[in-house]
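Working notes, beginning with the structure itself.
Rule-based calculations on the coordinates, nothing more; no lab input. Model, not experiment: these values are computed from the prediction. Ideal geometry is used to build each Cβ from the backbone, glycine not excepted, and the neighbour counts take in all protein chains shown.
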Amino acid sequence: MNSRQDALALLTEYTKSPSLINHALSVEACMLWYARFFAEQRGANTNPLLWGNTGLLHDFDYEMYPDPVAPDGHPFKGNTILAELGWPEEMRTAIMGHAHYTHTPRASLLAKTLFAVDELSGLITASVLVRPDRSIHNLEVKSVLKKFKDKAFARGCNREEIRLGSEEIEIPLEQHIANCIDAMKPLSLELFGV
C-alpha cells in the first residue's frame, strides 16, 4: 500500500490550484471519518489509508486533464496513471465511479462513500466561505440545507449527486451533512484560515 506521503506527492505533482488541493484534503477528511464510522457502526472492513488516499487522489488529474468527454480526460487519464504506478484497483474503481459519466458501478462501500462526500464537501466549503467569520466550527446543518435548496448558490455542486450519495451510503442527508462538517472541522485553519 502506498503511503499518504506518496498520495500527497502525486496530488501536488499534478495539481497546483490551492482550491483543488483543499478540496482533496476535505474529501480525504470525510473519507477517513467514514472509514472509522463504518468500521465502528456497521462492522465494515475499512482500511483508513486506502480510504484517505482515495479521497486525496480522486481529482488529482482534473487540473491537467479536465475534459470529461475526451478519452484521456478526468478521471480516465488519472485511472491510467494510477494503474501504471501500481495503485490499488479498488481505489481506481472508486475514483472512476465518483464521476457519473464514466458509467462505472459503485459496488463497494469505498466507491459509494467517495461519491457521497465529493460534492457535499464542496457545498460545505462554499457555505463556510460566504460566512463573515469563515468558520466551520459554528456552521449548522440547517444553514447548509438552506444553501442546498438555493440552486443559484455554488452552482457547480450537483445537488442530485449529493442526495443520491446520501441514499447510497444509507445515511439521511441531514446526518450526512453533520458528519462531513465534523470531519472537516479539524482542517479549519488549513482550509479556511481560522
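Checking the Cα-Cα distances for Lys77/Lys149; Lys77/Lys147; Lys77/Lys146; Lys112/Lys147; Lys77/Lys142 against a 31 Å cut-off, the pairs over it are Lys77/Lys149; Lys77/Lys147; Lys77/Lys146; Lys77/Lys142. Converting phi to 3J(HN,Hα) with the Karplus coefficients 6.51, -1.76 and 1.60 and the offset θ = phi - 60°, the range 39-47 yields 5, 6, 8, 10, x, 6, 8, 10, 10 Hz in sequence order, with x at every glycine or proline.
May I ask you to list the chymotrypsin sites (Phe, Trp or Tyr not before Pro) in the range 92-156 that are in a DSSP loop and have at most 14 other Cβ atoms within 10 Å of their Cβ?
Values: sites: Tyr101, Phe115, Phe148, Phe153; in loops: Phe153.
Filter output for the range 92-156: Phe153.
Report, in deg cm²/dmol and to the nearest 500, the calculated mean residue ellipticity at 222 nm for the chain, where each DSSP H run with n ≥ 4 adds -39500 (n - 2.57) and the sum is divided by the residue count. Don't jump to the answer; show the numbers that get you there.
On the way: 10 runs with 121 residues, N = 194.
Mean residue ellipticity at 222 nm (helix-derived): -19500 deg cm²/dmol.
Comparing Cα centroids, the range 110-159 and the range 1-46 end up 18 angstrom apart. A full extension of the chain between Ala9 and Glu40 corresponds to an added length of 8.1 nm, given 0.36 nm per residue minus the alpha carbon distance.
Calculated from the structure at hand, Rg and Dmax of the Cα atoms in Å is found among (i) 21.8, 74; (ii) 15.6, 45; (iii) 23.7, 89 as (ii). Given R0 = 25 Å, the distance between the Cβ atoms of Met1 and Arg163 translates into a calculated FRET efficiency of 0.15. Count Lys and Arg as plus one, Asp and Glu as minus one, and take only other residues whose Cβ is under 12 Å from that of Leu114; the net charge is then -4.
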